[in-house]
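Note sheet for the following structure.
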Amino acid sequence: MSRDRLYRSESDRMIAGICGGIAEVYDLDPSLVRLVTLLLVLTAGSGLLVYLLGWIIIPTESELE
């Protein structure tokens, strides 16, 4: 289910569904998006802040319907 808007996935989630939602919207492998996110969190401390802000700001899949 690909959409134009970014959302947090409810079906493909590990923590908040942000990486799963990004992968679905941009037609990417969720594992690749999670790996890039992990690298950003470990190398640049701001990656964790961006993830937490995304968790707060990005709506879930069901909120868009």
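The values are calculated or read from the model by the stated rules, or taken from the named source; none is laboratory data. These numbers were taken from a predicted model, which means no experiment stands behind them. Cβ atoms come from the backbone with ideal geometry, glycine included; neighbour counts cover every protein chain shown. Only protein heavy atoms, including side chains, enter the accessible area calculation; ligands, DNA and RNA are left aside. Shrake-Rupley method; radii C 1.70, N 1.55, O 1.52, S 1.80 Å.
So which of Ser31, Ser62 ends up being part of a helix (DSSP H, G or I), touching an Asp or Glu at 6+ places or on another chain (Cβ under 9 Å) and exposed (fewer than 13 other Cβ atoms within 10 Å of the Cβ)?
On the way: Ser31 fails: touching an Asp or Glu at 6+ places or on another chain (Cβ under 9 Å).
Of Ser31, Ser62, the one residue that is part of a helix (DSSP H, G or I), touching an Asp or Glu at 6+ places or on another chain (Cβ under 9 Å) and exposed (fewer than 13 other Cβ atoms within 10 Å of the Cβ) is Ser62.
For the range 34-59, give me each residue that is open to solvent by less than 40 Å² (accessible area, probe 1.4 Å) and of a type in the set (S, T, N, Q).
Thr37
Give the residues of the range 2-28 that are open to solvent by 30 Å² or more (accessible area, probe 1.4 Å) and at positive phi, sorted by residue number.
Asp27
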